[in-house]
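The values are calculated or read from the model by the stated rules, or taken from the named source; none is laboratory data. Bear in mind the structure is a predicted one, so any value in this text is a computation, not a measurement. Neighbour counts run over all protein chains shown; Cβ positions are idealised from the backbone, glycine included. Accessible surface is based on the protein model in full, side chains and every heavy atom, while ligands, DNA and RNA are left aside. Shrake-Rupley method; radii C 1.70, N 1.55, O 1.52, S 1.80 Å.
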Amino acid sequence: MNRKSKITIIGGGIGGLVCAISLKQKGFNNLQIFERRTEAQSVGAGFVIWANAGWVLNELGLLDGVAKLGGRLKQMQRWTDQGEYLGAVDITKIDQGIGYPSYAVGQAEFQHFLQYKANELGIVIRNNQSVIDIEDSSPEKSFLRFEDGSKVEADIVIGADGRMNSIARKYVQKENNPVYQNYINWIGILESDNPLPIENNVLDYWGCGARFGIVPINKYKMYWAGCKASPLDSVNTAETDKEELLNIFNNWPALIRRVIKDTQNQNIKRIPIFDHNPNPNWFRNRVCLLGDAAHASLPTSGQGACQAMEDGWHLSEAMAAFPTLPEVFDAYQNIRFEKTTAITISAREFALSLFNTQEAFCLKRNDIAKSTDYEKSANGMIGLWSKNLK
């Protein structure tokens with residue numbers, strides 16, 4: 001590809017920023033990001049940069065900086081809603097198998113870190129720029145139309161504008177119909193002046209139709225997610241999200257109730273959970289999809305942000321390696337589709353198990369978890385997550 005091509009990226013989230021940084025490092029200098037928010041903000045409270053995303057960040061020379069943002073994790077422990085231990089996946093084994101460390105980070109801090117690195121490289125990020133349409137001005141050009149009526153022409157458009165209202169996905173696939181997966185996710189972040197009562201392990205509590213997860217970032221900060229099976233049109237009668245959560249998790253372990261109580265109301269966010277059916281069509285003409293716009297997976301995958309980072313790196317690699325845009329997009333989609341589809345489907349299957357509301361099913365699920373070979377589980381994650389990494 002011509003390094004002088006005018007590249008526009010719709011969306012200043014993690015995937016868009018990683019893609020821009022990787023392109024800039026490969027000599028693509030004529031690029032800019034358009035972000036609809038006044039300031040690019042994180043949607044989530046936190047996430048784990050698993051070892052496969054650590055590989056991407058290492059390729060970009062960013063991994064050492066990430067190490068200062070978050071904490072290392074030892075185990076992903078599973079418990080019942082009554083505090084019965086079900087077993088644990090060894091995260092250190094996953095890290096060793098893939099060859100890079102995993103870090104738990106606050107999403108806002110990580111995004112600000114990427115923004116800072118992008119600014120250092122001279123990447124233009126234009127906030128408060130809401131794209132409402134993509135149109136073809138000629139076989140060689142596309143242009144973005146903005147809410148204020150202005151237009152920008154581009155040689156290449158990369159759609160990293162999320163799962164819910166992606167203008168790029170609507171252009172490429174002629175539709176943007178996210179699928180509600182029948183549960184609500186409340187996410188929160190808790191900071192304290194005193195050490196928090198949690199070690200460097202992920203705690204994953206399973207109930208019947210509900211789940212609560214806690215992830216430490218450091219001794220003074222953690223993020224968490226409480227989830228419950230629920231119709232999309234369900235009515236919340238509680239005055240606050242905190243009150244509703246305390247009602248839902250009233251009889252769960254004391255640690256969960258304490259975490260909810262100690263989290264400030266403004267640090268709790270309620271999110272109905274959607275994903276997309278896998279679609280093997282990620283590009284049209286001069287527009288290509290990336291991250292959730294291409295393959296949104298459920299939070300049960302643990303891989304949403306990580307796969308967006310992989311997308312950004314692989315797309316930039318293809319743009320540096322192939323002479324024409326059709327070759328670029330074909331190569332990118334071919335290397336990414338199978339892996340992201342497997343992650344999307346496995347996340348759905350896991351969610352169906354976690355949010356099943358039949359008591360007999362949940363008891364059997366827990367018995368299976370207690371007898372699971374967790375070393376084999378770790379090896380399965382290594383096999384899937386390390387696919388397509390050099």
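Pairs meeting the criteria (first residue in segment 87-103 and under 29 Å from residue 367 (Cβ atoms) and open to solvent by less than 30 Å² (accessible area, probe 1.4 Å), second residue of a type in the set (D, E, K, R) and part of a strand (DSSP E or B), beta carbons under 9 Å, at least 6 apart or on different chains) are 87/78; 88/78; 89/78.
If I ask for residues that are surrounded by fewer than 17 Cβ atoms within 10 Å (Cβ to Cβ) and closer than 14 Å to residue 6 by Cα, which ones from segment 152-170 would you list?
Of everything in segment 152-170, just one residue is surrounded by fewer than 17 Cβ atoms within 10 Å (Cβ to Cβ) and closer than 14 Å to residue 6 by Cα, namely 153.
Annotation for segment 301-314: no member residue is buried (at least 24 other Cβ atoms within 10 Å of the Cβ) and hydroxyl-bearing (Ser, Thr, Tyr). Note on segment 60-86: residues that are buried (at least 16 other Cβ atoms within 10 Å of the Cβ) and farther than 23 Å from residue 308 by Cα amount to 7.
Taking the criterion of being open to solvent by 20 Å² or more (accessible area, probe 1.4 Å) and hydroxyl-bearing (Ser, Thr, Tyr), the residues of segment 204-229 that qualify are 220, 223.
State whether the residues of segment 372-385 include one that is small (Gly, Ala, Ser) and in contact with a helix residue (DSSP H, G or I) (Cβ under 8 Å, 6 or more places away or on another chain). For segment 372-385, residues small (Gly, Ala, Ser) and in contact with a helix residue (DSSP H, G or I) (Cβ under 8 Å, 6 or more places away or on another chain): present.
A search for C-beta distances below 7 Å between a residue of segment 310-322 that is more than 13 Å from residue 60 (Cβ to Cβ) and in contact (Cβ under 8 Å) with a residue 12 or more places away in the chain and any residue that is open to solvent by 10 Å² or more (accessible area, probe 1.4 Å) and of a type in the set (D, E, K, R), counting only pairs 6+ apart in sequence or on different chains, returns 320/26. Screening segment 201-252 for residues that are without any contact (Cβ under 8 Å) to a residue 24 or more places away in the chain and of a type in the set (Gly, Ala, Ser) and picking the one that is farthest from residue 274 (Cα to Cα) gives 238. Filtering segment 171-195 to residues that are farther than 27 Å from residue 230 by Cα, polar (S, T, N, Q) and surrounded by 17 or more Cβ atoms within 10 Å (Cβ to Cβ) leaves only 173. Examine segment 260-276 for a residue that is closer than 26 Å to residue 381 by Cα, in contact with a His (Cβ under 8 Å, 6 or more places away or on another chain) and of a type in the set (A, V, I, L, M, F, W, C), and state whether such a residue exists. The answer is no, given that none of the residues of segment 260-276 is closer than 26 Å to residue 381 by Cα, in contact with a His (Cβ under 8 Å, 6 or more places away or on another chain) and of a type in the set (A, V, I, L, M, F, W, C).
Can residue 123 be described as surrounded by 13 or more Cβ atoms within 10 Å (Cβ to Cβ), touching a strand residue (DSSP E or B) at 6+ places or on another chain (Cβ under 7 Å) and under 19 Å from residue 289 (Cα atoms)? Criteria not met by residue 123. Considering (1) out of contact with any Lys or Arg (no Cβ under 8 Å at 6 or more places or on another chain); (2) of a type in the set (A, V, I, L, M, F, W, C); (3) over 16 Å from residue 346 (Cβ atoms), the lone condition that residue 274 does not fulfil carries the number (1). Being open to solvent by 30 Å² or more (accessible area, probe 1.4 Å) and closer than 17 Å to residue 260 by Cα: is that true of residue 147 here? Judged against the criteria, residue 147 is not a match.
Of everything in segment 345-373, what is open to solvent by less than 30 Å² (accessible area, probe 1.4 Å) and either among the charged types (D, E, K, R) or closer than 30 Å to residue 311 by Cβ (or both)? Give them in sequence order.
Answer for segment 345-373, where residues must be open to solvent by less than 30 Å² (accessible area, probe 1.4 Å) and either among the charged types (D, E, K, R) or closer than 30 Å to residue 311 by Cβ (or both): 347, 351, 353, 354, 355, 365.
Results for (1) charged (D, E, K, R); (2) out of contact with any Lys or Arg (no Cβ under 8 Å at 6 or more places or on another chain); (3) in contact (Cβ under 8 Å) with a residue 12 or more places away in the chain, shown as yes or no for each residue.
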{"site": "325", "(1), (2), (3)": "no, no, yes"}
{"site": "330", "(1), (2), (3)": "yes, yes, no"}
{"site": "340", "(1), (2), (3)": "no, yes, yes"}
{"site": "354", "(1), (2), (3)": "no, no, yes"}
{"site": "358", "(1), (2), (3)": "no, yes, yes"}
{"site": "364", "(1), (2), (3)": "yes, yes, no"}
{"site": "373", "(1), (2), (3)": "yes, yes, no"}
{"site": "383", "(1), (2), (3)": "no, yes, no"}
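Can you tell me which residue is nearest to residue 49 (Cα to Cα) among those in segment 2-31 that are open to solvent by 30 Å² or more (accessible area, probe 1.4 Å) and not charged (D, E, K, R)? Only one residue fits best here, namely 25. Evaluating residue 333 against the criteria (1) of a type outside the set (Gly, Ala, Ser); (2) in contact with a Pro (Cβ under 9 Å, 6 or more places away or on another chain); (3) farther than 23 Å from residue 54 by Cα leaves one unmet condition, (3).
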